[in-house]
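One structure is given here, and the rest of the page talks about it.
The values are calculated or read from the model by the stated rules, or taken from the named source; none is laboratory data. As the structure is a computational prediction, the values presented were derived from the model and not from experiment. Cβ: placed from backbone, ideal geometry, glycine included. Neighbour counts: every protein chain shown. Keep in mind that these areas ignore ligands, DNA and RNA; they rest on the heavy atoms of the full protein, side chains included. Shrake-Rupley method; radii C 1.70, N 1.55, O 1.52, S 1.80 Å.
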Amino acid sequence: MTTLTGVKMAVRVPFVDLKFEYELLRKEGLEDNIVQVLAKAHYIEGPNVAAFEKAFAEYCSTKYCIAVDNGTCAIQLAMIALGIGAGDEVIVPAHTFIATAAGVAMANATPVFVDADPEHWQLDPEQIEARISPRTKAVIAVHLYGQPAKIERIAEICKKHGLLLIEDSAQAHGAHVNGRRIGSFGEISCFSFYPAKNLGAFGDGGGMTTNNTDIDTQLRQLRNHGRINKYEHGFVGYNYRMDEMQGLVLLTKLRHLDKWNEARRKVAATYREKLNDLPVFIPQEIAGTDPVYHLFPVACERRDDLAIHLAENHIDSGVHYPLPLHLQPAFKHLGYQQGEFPTSERIGREELSLPIYPFMTEEQVDHVCEATRSFFTK
Ligand SMILES: *Cc1c(COP(=O)(O)O)cnc(C)c1O
């Protein structure tokens, strides 16, 4: 960028840019629509959440969507609705955000960790069977970074061993596997609508999709005090309802999601092309999948120095995730050891997430590529 006086201005690249997105939605009249929701004073259990649920279920090609407060409680409720609880084990990746395993623990079940595969950094299906015990009830396949997991292979293993399959789709709204959207492969698929996710609310939000009518009923009761009707409660449930304003925001943003995911893919394609000859490893796309690039992870032995170099060039970056779940203090009681999951541990040491969001300009993408190049040539 050059000013009128010819002074070269630094290109800044934030890690995500939600303000640009907000401005666009504001111009489309979202603020007026929010004010209308507020003026009606119907804040929960109203038409906007219902309309969003219907639209999102259609989007995922599932029969039902049940909206909740956040993605973590979505995983917890998925466990409970499937009858998974104390004494049960659930297989989850060691390399994921803590919420995947937290949702399991919140249902009083035990997460059992499995390493990532070194090429794609997703739950390695070939390491699942070694971790199955008589207590194993389910596998949670996480579509990490917006890259679909090896879901068809995982589904095969689940079928063979009579295990339930749950998807953690919190990072992959709209991604496809062989032409089919994620969110419809598991018995239940859990989503987060945290603001920075590909589909994000103006606050916390979450949801679950399913094709099973009984599970739908169960999840609706679970999120709303175990209610059968206004005054009758079948069991002690939770208060995990989504509010009307978030319903409206998500319904509005859903119309943009495919376009915004396409824009993310374009940024990712440029990164892949321009960083191709540099000594950074970029996890491969899994054949037959159409990822949505929630994040753009690379690996580099001098990860921390690269992050500093990018920061000096006004580029924000992130680390997802430095400490794998089996080494988290929160799961110390499960007795895992350092060295047990070498791929997850190496990703923890070497991964750096480059900025990626739908409204990155070409200039910003080029600046990230040039700054990354200059790190290796300086
Ligand atoms: C964000 C996220 C969640 C949970 O989301 P919250 O809405 O923040 O509770 C679960 N799993 C993964 C992989 C996530 O990235």
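Scanning the range 55-78 for residues that are assigned to a helix (DSSP H, G or I) and within 16 Å of the ligand (Cβ to nearest atom) yields Phe56, Gly71, Thr72, Cys73, Ala74, Ile75, Gln76, Leu77, Ala78.
Among the residues of the range 109-119, write down those that are part of a loop (DSSP other than H, G, I, E, B) and either touching a Leu at 6+ places or on another chain (Cβ under 9 Å) or surrounded by fewer than 18 Cβ atoms within 10 Å (Cβ to Cβ) (or both).
Correct list: Asp115, Asp117, Pro118, Glu119.
Taking the criterion of being more than 11 Å from the ligand (Cβ to nearest atom), among the small types (Gly, Ala, Ser) and assigned to a helix (DSSP H, G or I), the residues of the range 79-108 that qualify are Ala81, Ala105.
His309 satisfies every condition listed in (1) open to solvent by less than 40 Å² (accessible area, probe 1.4 Å); (2) touching a strand residue (DSSP E or B) at 6+ places or on another chain (Cβ under 8 Å); (3) more than 22 Å from Trp121 (Cβ to Cβ) except (2).
Scanning the range 255-301 for residues that are of a type outside the set (Ser, Thr, Tyr), within 16 Å of the ligand (Cβ to nearest atom) and not in a helix (DSSP H, G or I), which turns out nearest to the chain's Cα centre (by Cα)? Once the filter is applied, the top-ranked residue is His294.
Quick check: is even one residue across the range 217-236 of a type in the set (S, T, N, Q), within 16 Å of the ligand (Cβ to nearest atom) and surrounded by 18 or more Cβ atoms within 10 Å (Cβ to Cβ)? No - not one qualifying residue is present in the range 217-236. Selection over the range 334-378 of residues that are hydrophobic (A, V, I, L, M, F, W, C), open to solvent by less than 20 Å² (accessible area, probe 1.4 Å) and part of a helix (DSSP H, G or I) gives a count of 6. Selection of first residues in the range 252-280 that are on the phi < 0 side of the Ramachandran plot and of second residues that are open to solvent by 50 Å² or more (accessible area, probe 1.4 Å), restricted to Cβ pairs under 7 Å at least 6 apart or on distinct chains, gives the following pairs, ordered by first then second residue: Leu278/Arg373; Leu278/Phe376; Pro279/Phe376.
Residues checked against (1) farther than 19 Å from Gly335 by Cβ; (2) in contact (Cβ under 8 Å) with a residue 60 or more places away in the chain; (3) of a type in the set (Asp, Glu):
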| residue | (1), (2), (3) |
| --- | --- |
| Ala94 | no, yes, no |
| Ile98 | no, yes, no |
| Met106 | yes, no, no |
| Pro111 | no, yes, no |
| Ala116 | yes, yes, no |
| Glu119 | yes, yes, yes |
| Gln122 | yes, yes, no |
| Pro125 | yes, no, no |
| Arg135 | no, no, no |
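The residues of the range 20-54 that are in a helix (DSSP H, G or I), closer than 20 Å to Phe359 by Cα and not acidic (Asp, Glu), listed by number, are Phe20, Tyr22, Leu24, Leu25, Arg26, Lys27, Leu30.
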